[in-house]
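Quick note: the coordinates plus some simple rules give every number you see, no bench work behind them. Computed from a predicted structure; not experimentally measured. Note that we place each Cβ from the backbone using ideal geometry, even for glycine, and neighbour counts take in every protein chain shown.
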Amino acid sequence: MTTQVFKTDTPAQSYINSVFEQLKLKNAHQPEFLQAVEEIFLSLIPVFEQHPEYIQHNILSRIVEPDRIVSFRVTWVDDQNQVQVNRGYRVQFNNVVGPYKGGLRFHPTVNESIMKFLAFEQIFKNSLTGLPIGGGKGGSDFNPKGKSNAEIMRFCQSFMTELYRHIGPDVDVPAGDIGVGGREIGYLFGQYKRIRGAHEAGVLTGKLPGYGGSLVRKEATGYGLVYFVEEMLRDNNQSFLNKKVVVSGSGNVAIYAIEKAQHLGAKVVACSDSNGYIYDPDGIDVKVVKEIKEVKGERIKTYVDYRTNATYTEDFLGIWSIPCDIALPCATQNEINGDAARTLVSNGVKIVAEGANMPSNLEAINVFLENGVLFGPAKAANAGGVATSALEMAQNSGRNYWSFNKVDEKLHEIMRSIYIESKEAAQKYGTPGNLVVGSNIAGFVKVANGMISEGVY
Ligand code: NAP
């Protein structure tokens, strides 16, 4: 639960405090959502001090209320002919900058608070990319683990049978997230096409290449994260060469972060799944991780069967006790708390950059900032995935495909400009080097100005 108390010394602080107090009353049972809003509000104080027009237009009360939330029953039949019921969601938070855009998460922990926190963050992340995409998110408490292909297909078809009426290439464009990859997007797209009777390729992103998908989309979040860290390092006259890196998770984001960091000369020594972590002092063999996770769909502990020097520890959070120069949390929200952050700091970590969404809680972020650790927040550091999704939308609209190199170069450019914009905003508003503040402000200002220009609604 959130603990931060906003000051009320100035009109801007009083305004922010009163909106947050109202929000807490209305959303008392949504801790993840409140946590995400609190982090952004804390960053925005200097902006509101300098721009009283945002108070006049009551931007904050408007921006924390989603345009709409759709929640629906998803009924499907399992391989034992039993009828199963899950809950589906789509949160359409803000479409000032462009159509709602954000992933679908299939995981048993999914609830309205998590959907709202993710959709809220997505507004500012998408705005930061500089591309015309608004903020949304969706998913279900369906657990894909252990399900057969046929069960996944039936679930996806049922999910889309309700979702289709709320989305469209110019309305809302979902993509993948935890538990939703190319296979699931394929089944979802097939069902959308069947219902609509039209090949509207731009309705979903993360499709497989050759079937409307963009090259580099699979790699984009992990590669983008590493491109972002490369900029942080470059600004400090350093590079990835010989840096010791720890990456949590072993899913889509983690795998491609490991691959790109190693490509740039780093030694990645650990990764994990929700059960435990592996440590490989010789450097993770990413081909083995791909074989285990992408091909066989097995647990990360089987890595030790392939690599004799590697060890497995049954404690997911223990990964943060491994000394490293750079930590890349790429699994899930709140996986680094204050204690884990202190351990990382005392072991000498220099850079922490977030591949997952909100993996560090507020206490952890403060520990990093107070100890001079360079910190790349999710909103900026993992925006490469959604940016490449927007590039997929552009290819779909133009009815063509771009080469791997062309998309990769554009991704690289976008990550570089997100870094520069976040750094400049932090400087302009009096917190040089604080990319949390910088990225929140840079993302927010575009949306707030758009809201003013589009009038009250
Ligand atoms: P993924 O392929 O499903 O992989 C998720 C990884 O995190 C797996 O290793 C999983 O382990 C682990 N994990 C999931 N829930 C966990 C939990 N509650 N506790 C501990 N470990 C957990 O998902 P992904 O696409 O890589 O996404 C990872 C993170 O990046 C998420 O926060 C997501 O929102 C964020 N993100 C993803 C993208 C994208 O393009 N994919 C873009 C931006 C941000 P198990 O296999 O044991 O569950």
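General observations
- Any hit, segment 182-192, residues being in a loop (DSSP other than H, G, I, E, B), β-branched (Val, Ile, Thr) and in contact (Cβ under 8 Å) with a residue 12 or more places away in the chain: no
- Looking across Glu421, Glu392, one residue alone is acidic (Asp, Glu), away from the ligand (no atom under 15 Å from the Cβ) and either outside any loop (DSSP other than H, G, I, E, B) or over 13 Å from Leu128 (Cα atoms) (or both). It is Glu421.
- When segment 223-236 is filtered for residues that are touching a residue at least 12 places away in the same chain (Cβ under 8 Å) and assigned to a helix (DSSP H, G or I), the ones remaining, listed by number, are Tyr223, Gly224, Leu225, Val226, Tyr227, Phe228, Val229, Glu230, Glu231, Met232, Leu233, Asp235.
- Within segment 334-361, tally of residues that are of a type in the set (S, T, N, Q) and under 19 Å from Tyr256 (Cα atoms): 1
- The combined condition, being surrounded by fewer than 24 Cβ atoms within 10 Å (Cβ to Cβ) and either within 16 Å of the ligand (Cβ to nearest atom) or of a type in the set (D, E, K, R) (or both), is fulfilled by Leu208.
Listed here are the residues, each with its yes/no results for (1) within 16 Å of the ligand (Cβ to nearest atom); (2) part of a helix (DSSP H, G or I).
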residue	(1), (2)
Leu215	yes, no
Gln238	no, no
Val246	yes, no
Tyr256	yes, yes
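- Residues satisfying the stated conditions in segment 370-402, i.e. surrounded by fewer than 18 Cβ atoms within 10 Å (Cβ to Cβ) and not small (Gly, Ala, Ser): Glu370, Asn371, Arg399, Asn400, Tyr401
- Condition check for Glu363: free of Cβ contacts under 8 Å to residues at least 60 places away in the same chain, in a helix (DSSP H, G or I) and more than 14 Å from the ligand (Cβ to nearest atom): yes
- Subset of segment 258-283 (residues that are more than 23 Å from Gly385 (Cα to Cα) and either within 12 Å of the ligand (Cβ to nearest atom) or among the hydrophobic types (A, V, I, L, M, F, W, C) (or both)): Val269, Asn275, Gly276, Tyr277, Ile278
- For segment 154-182, filtered to residues that are touching a Lys or Arg at 6+ places or on another chain (Cβ under 8 Å) and among the acidic types (Asp, Glu), the residue that is nearest to Ser71 (Cα to Cα) is Glu162.
- When restricted to residues that are more than 16 Å from the ligand (Cβ to nearest atom) and of a type in the set (S, T, N, Q), segment 284-320 contains 3.
- Of the residues making up segment 251-287, those that are over 18 Å from Glu335 (Cβ atoms) and surrounded by fewer than 19 Cβ atoms within 10 Å (Cβ to Cβ) are Gln262, His263, Leu264, Gly265, Pro281, Asp282, Gly283, Asp285, Lys287.
- Note on segment 142-179: residues that are within 20 Å of Gln80 (Cβ to Cβ) and within 16 Å of the ligand (Cβ to nearest atom) total 9.
- Residue, surrounded by the fewest Cβ atoms within 10 Å (Cβ to Cβ), within segment 403-428, restricted to residues that are among the polar types (S, T, N, Q) and within 19 Å of the chain's Cα centre (by Cα): Ser417
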